[in-house]
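Everything on this sheet refers to the single structure shown next.
The values are calculated or read from the model by the stated rules, or taken from the named source; none is laboratory data. Keep in mind it's a predicted model, so treat the numbers as computed, not measured. Backbone-built Cβ (ideal geometry, glycine too); neighbour counts: all protein chains shown.
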Amino acid sequence: MKLLREYIRESLKENQDLNRATVWVDFIKSLSTDEERPITYKSKQKKGSRCCWCGRTGDPNTAFVGVEHIIPRGAGGPVVELWNLAWACYPCNKKRGSDIGNISYQWLKQFLEGLNITSEPNGWLFKAMLTAPLIPAKEELKIYFKQNNRTIR
């Protein structure tokens, strides 16, 4: 009987984890923006684009990272699906790394102040993440993508 209870408890936890990942992925897929987004995961650096995190628009001489994976590859995020791609400046992309969710407001504010920019962080993805559902763990997302026949690259 004890083994049966443990099995049921573990099954419920796995379902809860999968549900959290499903809600998160559905949220990310539903994000829309008027901002330009990469048209392919192989996009080269784009100059003059607006960063999805800090909102800074580079002048024509400022290079932006080619692609920001909204759900990082390290969490099983799809490489080739366009809903998972955004432009990000190099410092924001590097700061976020393989984290899931938002970059901290404090870091973004300090970063912008270091550039003598007094405006609030206003990247479209940063603002969208403020209303995001509970963030799943990387392992939960990996299981989600594996169970939904997504290739992890």
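Miscellaneous remarks
- Here PRO72 clears all of (1) crowded, with 20+ Cβ neighbours inside 10 Å; (2) within 25 Å of ALA137 (Cα to Cα); (3) not small (Gly, Ala, Ser) except the condition numbered (1).
- Residue in segment 125-132 that is within 28 Å of ASP26 (Cβ to Cβ), free of Cβ contacts under 8 Å to residues at least 24 places away in the same chain and either surrounded by fewer than 13 Cβ atoms within 10 Å (Cβ to Cβ) or of a type in the set (A, V, I, L, M, F, W, C) (or both) present: yes
- For segment 88-111, the criterion of being touching a Ser or Thr at 6+ places or on another chain (Cβ under 7 Å), of a type outside the set (Ser, Thr, Tyr), surrounded by 19 or more Cβ atoms within 10 Å (Cβ to Cβ) and at pLDDT 90 or above is met by none of the residues.
- When the residues of segment 23-34 are filtered to those that are within 16 Å of the chain's Cα centre (by Cα) and not in a helix (DSSP H, G or I), the one that is nearest to HIS69 (Cα to Cα) is LEU31.
- Selection count, segment 37-59, where residues are of a type outside the set (Gly, Ala, Ser) and either assigned to a strand (DSSP E or B) or modelled with pLDDT of 90 or more (or both): 8
- Here PRO121 passes the criteria (1) surrounded by 18 or more Cβ atoms within 10 Å (Cβ to Cβ); (2) out of contact with any helix residue (DSSP H, G or I) (no Cβ under 7 Å at 6 or more places or on another chain); (3) farther than 19 Å from GLY76 by Cβ except the one numbered (2).
- Hey, VAL67 at pLDDT below 90 and either of a type in the set (S, T, N, Q) or surrounded by 14 or more Cβ atoms within 10 Å (Cβ to Cβ) (or both) or not: yes
- GLU140 being farther than 15 Å from ILE28 by Cβ, at pLDDT 90 or above and of a type outside the set (Gly, Ala, Ser): no
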